[in-house]
């Protein structure tokens, strides 16, 4: 999930007027630069599609440099190469990179309006291993202030399926990070998550059979400066446009636990 909003969300825990929080690049486009990275040791229970339970290591990173905002991760599955693992013989690695280019910074203009603080050209690239996941997406991104949650990312992409060499559907993505309880030692609890929803998909006989589908992740995490521990509940509906069936489940609920070390 997109944890690059951590520092910003702590400062913007409540929705303030956009004029106060709008991005300002009039004097120095690098004044808001930052970077972060972390390792997440994860275990998934009944992950969909297919109700897979498995371990994996997630190397997650993000930050800001001038006109560019970046989020990404690399997942490595079945760390011990257990022959009885649900992931044995399947993809070993999955990668996701989501760079965005600030239109405010490029134009030198304040493009904020209402609750929208900043606009981006947003891209998303997904690559897998053995089965060859190969998706590229491009569209319009934004940072938006909403009540209680504070700053969220909101992006709408058109999707290009690299293996099929064709455009197919759209992807709406949002993410949030909301610290809501702070302890005396500086650690805190957060509600963090994301929604990925695809629509306008080809639902023909050679596809997953559904014209739309997606998932919502709801996580409760404890954070310190160096560590985090969390649980997430992920609700699925025809995920990846795969129509739910008795033979292959793509709608339901999965559970995730994680232990994080922050660099």
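Data table
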item: Residue of 234, 137, 83 that the Gaussian network model of the chain assigns the largest fluctuation, springs spanning Cα pairs under 10 Å; result: 83
item: Efficiency of FRET between residue 158 and residue 59 - r from beta-carbon atoms, R0 30 angstrom, step 0.05; result: 0.60
item: Expected 222 nm ellipticity per residue - DSSP helices of 4 or more, -39500 (n - 2.57), all of the chain, to 500; result: -1000 deg cm²/dmol
item: Largest-first principal axis extents of the Cα set of the stretch 106-201 (Å); result: 53, 38, 24
item: Label-point separation in nm, residue 220 to residue 30, each point 7 Å along Cα→Cβ; result: 4.3 nm
item: Exposure proxy ranking, count of Cβ atoms within 10 Å, fewest first, for 152, 195; result: 195, 152
item: Distance-filtered residues of the stretch 85-104 - backbone nitrogen under 16 Å, label point 7 angstrom along residue 248 Cα→Cβ; result: 90-91
item: Length gained when the stretch residue 181-residue 109 is fully extended (0.36 nm per residue, less Cα-Cα span); result: 22.3 nm
item: Rh by Kirkwood over Cα pairs, then Stokes-Einstein D for the stretch 50-170 at 1.567 mPa s and 4 °C, µm²/s; result: 78 µm²/s
item: Pairwise Cα inverse-distance average, inverted: Kirkwood Rh of the chain (Å); result: 19.5 Å
item: Gain upon complete extension [residue 81, residue 237; 0.36 nm per residue less C-alpha separation]; result: 53.2 nm
item: Anisotropy class of the stretch 129-183 from Cα gyration tensor, a/c 1.5 cut; result: oblate
item: Highest-MSF residue in the chain out of 176, 148, 36 [GNM, Cα springs under 10 Å]; result: 148
item: Ranked list, fewest to most other Cβ atoms within 10 Å of each Cβ, for 113, 217; result: 113, 217
item: Exposure proxy order (Cβ contacts within 10 Å, fewest to most) of 255, 223, 181; result: 181, 255, 223
item: FRET efficiency, residue 90 to residue 197 (Cβ-Cβ, R0 25 Å, nearest 0.05); result: 0.50
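Here, each number is a calculation from the coordinates, and none is a lab measurement. What you see is a predicted model; the values in this text were computed from it and never measured. For neighbour counting, all protein chains shown are included, and Cβ atoms are generated from backbone atoms with ideal geometry for every residue, glycine included.
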